[in-house]
Amino acid sequence: MAPLLLIDEPSPGVRRLTLNRPEKRNALSNALRGEIFAALEAADQDADVRVMILRGAGTCFSSGYDLAGLGDLPFHTATGQGQWARHVVEGCFRIWDLAKPVLAQVHGWCLAGGSELAFACDLVYVAEDAQIGYPAVRTMSPPDNQFHAWILGMRAAMEMMLTGDAISGVEAVRLGFANRAFTVERLEAETLAMAERIAKVDPELAQLNKRLVHRQMEAMGLRAGLRAGTDLHALGWHTSASRAYMQTMRAGVKAALDARDQTFGDYRTQAGQNPR
């Protein structure tokens, strides 16, 4: 069986993690999530590593959480209402609180949980034609990790939340989700070049520089806001629309996703497209 996560060091001081479920469009099972956290935390403790890159194998970064079978949680989160959303937000801050910078290299689909994983990284570099979205708001619940208003601003976040539509890599840069967009052919080299540039900074100072940006966001309430949003996610599962959709999902994931997007004519139902 192929490993879920590939790890290499393409340049001195740079460790690269590649999500390796291309046949599943890098859907985030809890087994894969656990390996991501473990590998990032190991790199954070390795004196030879100064910066990490997170990317996806195959046609995309990640199509989101593995709706066909998540598996056991990779670390404990208190049980009860909202456990999953609280677990996701805790996972985000496990990455957020690492000492060393983490760069997301995003191409193709970056949906739902995939977009949450990219958000948790410190810097995001995208292919111009990448597609970033949260289609689950159409049928299931608000996001597990409600970062959108913080990063995109109120109007853009509201549009994405009310439609479930995706934005391109170019639009993601304009709105503030990503730092820079490149052609997919240039994306890997440009992301690596930025990682190499960051690696020139002393890691002790880089840690403080990273933390100062996060502290300002936290002073404005980001950490408390994301935690508060988990309660809204939990409420979403109790709506009649969500309960009806989950009945459809239990009968077949692919058919349910098709039904979700057919009215909108995008994601799985768009000609030539198939995020899952």
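The values are calculated or read from the model by the stated rules, or taken from the named source; none is laboratory data. Everything numeric here is computed off the predicted structure, so don't read it as measured data. In this analysis, Cβ positions are derived from the backbone assuming ideal geometry, glycine residues included, and neighbour counts consider all displayed protein chains.
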### Message
Looking for something surrounded by 15 or more Cβ atoms within 10 Å (Cβ to Cβ), assigned to a loop (DSSP other than H, G, I, E, B), within 22 Å of the chain's Cα centre (by Cα) and charged (D, E, K, R) - is there at least one such residue anywhere in region 250-267?
### Response
yes
### Query
Name the residues in region 186-203 that are small (Gly, Ala, Ser) and in contact (Cβ under 8 Å) with a residue 40 or more places away in the chain, would you?
195, 199
### Task
Could you give me the residue pairs with C-beta distances under 6 Å whose first residue belongs to region 19-30 and is crowded, with 20+ Cβ neighbours inside 10 Å, whose second residue is of a type in the set (Lys, Arg) wherever it lies, and which are 6+ apart or on separate chains?
25/276
### Task
Considering only region 98-118, state which residues are acidic (Asp, Glu) and in contact (Cβ under 8 Å) with a residue 40 or more places away in the chain.
none
### Query
Yes or no: residue 169 surrounded by fewer than 18 Cβ atoms within 10 Å (Cβ to Cβ), farther than 25 Å from residue 99 by Cα and modelled with pLDDT of 95 or more?
no
### Query
So which pairs qualify, if the first residue must be in region 1-15 and surrounded by 11 or more Cβ atoms within 10 Å (Cβ to Cβ), the second must be among the basic types (Lys, Arg) and at pLDDT below 95, the Cβ gap must be under 8 Å, and the two must be at least 6 apart or on different chains?
none
### Task
Would you confirm whether any residue within region 224-236 is at pLDDT 95 or above, exposed (fewer than 15 other Cβ atoms within 10 Å of the Cβ), among the hydrophobic types (A, V, I, L, M, F, W, C) and part of a loop (DSSP other than H, G, I, E, B)?
no
### Query
Of the residues 111, 73, which single one is modelled with pLDDT of 95 or more and in contact with a strand residue (DSSP E or B) (Cβ under 8 Å, 6 or more places away or on another chain)?
111
### Query
So which of 194, 158, 154 is within 22 Å of the chain's Cα centre (by Cα) and under 26 Å from residue 49 (Cα atoms)?
194
